[in-house]
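Each remark here refers to the structure printed beneath this line.
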Amino acid sequence: MKRILPFLAFISILACEKDPFPLKQLGSPAAFTLTDTTGQPYKYEPTSGTVRLVFFGYTQCPDYCPATMSKLQKVFEKLPFPAEERPEILFISVDPERDTPEVLSRYLEAFKIPATGLTGDPRSLEEIARNFGTFFHIEKKGKDIIVDHSTYLYLIDPEGSIRYLFRSQDSADTIFEGVTALYAEMD
């Protein structure tokens, strides 16, 4: 019996280990330039050497956008490394008519995370969205504006490769696991 107990303990430890987070190579979006919340040009360089989390949304979104930003706030509260080593968060507005740099700035400040809000002209935004393999569509009905957009959150490595697409139903814990798995891979 004494010989079996260490073996059983070892097996139970192995059974508790989780599978590694399924990071992939999903392509690399091209460089682009948009306007940030200070009204200055922001140049996205894929090989910046920085981990990024990129989300396409809009400030008047009633559900997915604030939920995703709240999840990112929880992730940032748990990250075990200093601020300068944390991922850069890019919130790319798909509603440039209403999301001015000032509006984006106020919106992002509410989440208390260092997110960079970006906006631009509709044609540039459509091209960037295609580059990321995503979509958005704006429809005006009288005074109402209906915005349809994908809800993926892109995890991008320092070489500019998309490594994971988080879905809207993924939890903050799942996002945290993905981000920390990428950092562990980089060590």
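From T68, T116, T134, which residue is within 23 Å of L182 (Cβ to Cβ), polar (S, T, N, Q) and modelled with pLDDT under 95? Quick ask: steps written out before the conclusion?
On the way: T68 fails: modelled with pLDDT under 95; T116 fails: modelled with pLDDT under 95.
Residue meeting the stated conditions: T134.
At pLDDT below 90 and over 23 Å from G120 (Cα atoms) - does that describe any residue in the range 71-80? Let's see the steps before the verdict.
So in the range 71-80, the residues at pLDDT below 90 come out as 80.
Checking the rest, the ones that are also over 23 Å from G120 (Cα atoms) come to 80.
Yes, because at least one residue in the range 71-80 is at pLDDT below 90 and over 23 Å from G120 (Cα atoms).
Any residue at all in the range 31-48 that is within 16 Å of D173 (Cα to Cα) and of a type outside the set (S, T, Y)?
Taking the range 31-48 and keeping what is within 16 Å of D173 (Cα to Cα), we get none.
Scanning the range 31-48, I find no residue that is within 16 Å of D173 (Cα to Cα) and of a type outside the set (S, T, Y), so the answer is no.
Just name the residue that is nearest to the chain's Cα centre (by Cα) out of those in the range 44-67 that are assigned to a loop (DSSP other than H, G, I, E, B) and within 16 Å of I113 (Cα to Cα). Give the steps one after another, and end with the answer.
Of the residues in the range 44-67, the ones assigned to a loop (DSSP other than H, G, I, E, B) are 45-51, 58-63.
So of that shortlist, the ones also within 16 Å of I113 (Cα to Cα) come out as 51, 59.
On the way: V51: 10, T59: 16 Å.
Among those residues, the one meeting the criterion is V51.
Hey, could you check the range 100-137 for residues that are in contact with a Phe, Trp or Tyr (Cβ under 9 Å, 6 or more places away or on another chain) and assigned to a strand (DSSP E or B) and say which is surrounded by the most Cβ atoms within 10 Å (Cβ to Cβ)?
Among those that are in contact with a Phe, Trp or Tyr (Cβ under 9 Å, 6 or more places away or on another chain) and assigned to a strand (DSSP E or B), it is G117.
The values are calculated or read from the model by the stated rules, or taken from the named source; none is laboratory data. The model shown is predicted, which means the values in this text are computed figures rather than measured ones. So basically every Cβ, Gly included, is an ideal-geometry build from the backbone, and we count neighbours across all protein chains shown.
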